[in-house]
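See below for the structure under consideration.
The values are calculated or read from the model by the stated rules, or taken from the named source; none is laboratory data. This one's a predicted model, so the numbers in the text were calculated from it and none came from an experiment. Here Cβ is always computed from backbone atoms with ideal geometry, including for glycine, and neighbour counts include all displayed protein chains.
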Amino acid sequence: MLSKQFSPVELMKQTLGRLERVEPALNCFVSVMADEAMESAKRAEKAIMAGDAVGSLHGIPISIKDLVDVKGVKTSFGSQVSRAGVAKDDAPCVERIRAAGACIVGKTTTSEFGCKPIGDSPLTGITRNPWNLSKTPGGSSCGAASSVAAGVTPFAVGTDGGGSVRIPASFTGLFGLKAQFGRVPIFPASATPTLAHVGPLSRTVRDGALLLEIMSGFDFRDCGSLRERVPDYVGACEMPVKGMRVAWSPTLGYATPSAEVIQITEAAVDTFRQLGCEVVTVERLIEDPFDLWSTEFYTGVATRLRDMLLTKRELFDPAVAGLLDESLNLSIEKYYANVFKRYELRDKMRVFFDKFDLLLTPTLPVVAFDAGINVPPELPGRNVFSWVSYTYPFNLTGQPTASVPCGFTADNLPVGLQLVARCNGETDLFRAAAAYEAAHPWAHSRPSFEHNAQ
């Protein structure tokens, strides 16, 4: 039953006021839909007062990443060269969010075409981390994460083709999740159709569970979307974790995390022992599959953008253009050799999860580094994406994967713990993430960037 204790219109006024105050410092939005958002809030309030049936997100503000179509708003992909104009229709996830009663406040920034795991683009410039304005919030869902961490909206819609929800979740102290591949339908088709996911970024696990439930389910426009009934993700948050068999892999066999990241994530893993889980350390699990992921991701983007690379190259982010060049020069033999290696990786992880309910790793090997640079100084020799060692393997396998906040460094920067479940195992992710959140709540921790936002 609705309590009618708070007005959607007053909530929207507060939301838009908050957005206006923090945006000059953070640069989270490429499009602010203030008038439309307020009209949506007025309709939501009118429906409540009239006693009409309302959705589970009725009157709640939310933002959408600028890789996802919102009807009547330009999809610019963080690029000065994008051919996309004003979207004619809502993406399936946006349709469902609107149907649930949410009020969209705007579209959030992204790195160019989602190609970098940090928070800048030629179109919008640098998006900053509210925990430290000199640091990146990660990417490519940079604006979504930064705005939620700063308290603009309780949750946001991001996308994840190689970690682009989980990376900024880790850097900004949020819960972020990509579900099983195909759980949330995607339309229009992504340039990386075998890797792309739409997922929630939220302050709490249950908010993320609610948003994912709403966005999930079959849509005929996406032939790869799952037809099965959407699981009860919110209910899964109440399930016990005692007796779960959990693998802990500090490096997956190839990552080079900082000592502080390992110290903090190992303490988080110990919480699962205290909650009654059996935890087994697995040092060497797989070989680094970055080449497999890079082949699939950047070849798709490069093929779609080939003409623009030839005619408008000077407008591209130089780092993105360089990555796409490499992919265009890839031979068909090399491409398919990597495709078949991907299938081998997927099968290896399937067999691994015959023995375990959950895999835990750090979400990232480092914490947020200086904004405006492409590679963390702690990892010289890595390229613009290869340093995110833990996230891209599970886009290749398609498994459900989440990042939960698990502590702060001595410099007060958030650290994330990555949870990986077997195929179609999102309920295990939510039960484990919610249990960890109950043991170590994080939503009360908020950045105080406004004190130094001059």
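Quick rundown of the values:
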quantity	calculated
Positions within the stretch 439-454 being farther than 17 Å from L360 by Cβ and not in a loop (DSSP other than H, G, I, E, B), in sequence order	F449, E450, H451, N452
Some residue of the stretch 76-90 being within 13 Å of V157 (Cβ to Cβ), assigned to a loop (DSSP other than H, G, I, E, B) and either touching a Ser or Thr at 6+ places or on another chain (Cβ under 9 Å) or not charged (D, E, K, R) (or both)	no
Qualifying residue in the stretch 195-214 (condition: at pLDDT 95 or above, over 20 Å from W442 (Cβ atoms), hydroxyl-bearing (S, T, Y) and assigned to a loop (DSSP other than H, G, I, E, B))	no
Subset tally (residues that are under 21 Å from A319 (Cα atoms), acidic (D, E) and touching a strand residue (DSSP E or B) at 6+ places or on another chain (Cβ under 9 Å)) for the stretch 345-403	1
Members of the stretch 78-104 that are β-branched (V, I, T) and closer than 25 Å to D219 by Cα	V86, V94, I97, I104
One residue from A268, A368 being assigned to a helix (DSSP H, G or I), aliphatic (A, V, I, L, M) and under 30 Å from L26 (Cβ atoms)	A268
Cross-chain or 6+ apart pairs with Cβ under 7 Å, the stretch 260-285 first and in contact (Cβ under 8 Å) with a residue 60 or more places away in the chain and loosely packed, with under 14 Cβ neighbours inside 10 Å, then aliphatic (A, V, I, L, M) and assigned to a strand (DSSP E or B)	V280/A247
Pair list, Cβ < 8 Å and 6+ apart or interchain, from the stretch 32-48 residues that are within 23 Å of S76 (Cα to Cα) to residues that are surrounded by 17 or more Cβ atoms within 10 Å (Cβ to Cβ) and acidic (D, E)	V32/E23
Out of L211, L177, sole residue that is under 23 Å from P393 (Cβ atoms) and either in contact with a Gly (Cβ under 8 Å, 6 or more places away or on another chain) or surrounded by 24 or more Cβ atoms within 10 Å (Cβ to Cβ) (or both)	L177
Some residue of the stretch 161-174 being under 21 Å from R21 (Cα atoms), out of contact with any helix residue (DSSP H, G or I) (no Cβ under 9 Å at 6 or more places or on another chain) and either assigned to a strand (DSSP E or B) or touching a residue at least 40 places away in the same chain (Cβ under 8 Å) (or both)	no
The stretch 184-235: number of residues that are in contact with a Leu (Cβ under 7 Å, 6 or more places away or on another chain) and among the charged types (D, E, K, R)	1
So G235, is it surrounded by fewer than 19 Cβ atoms within 10 Å (Cβ to Cβ), assigned to a loop (DSSP other than H, G, I, E, B) and at pLDDT 95 or above	no
Lone qualifier among A321, A337 - being in contact with a Leu (Cβ under 9 Å, 6 or more places away or on another chain) and either assigned to a helix (DSSP H, G or I) or in contact (Cβ under 8 Å) with a residue 12 or more places away in the chain (or both)	A321
Answer from A145, A149, A99 - the residue that is closer than 22 Å to W293 by Cβ and touching a Gly at 6+ places or on another chain (Cβ under 9 Å)	A145
Residues that are out of contact with any helix residue (DSSP H, G or I) (no Cβ under 9 Å at 6 or more places or on another chain) and surrounded by 15 or more Cβ atoms within 10 Å (Cβ to Cβ), drawn from the stretch 397-444	N424, G425, W442
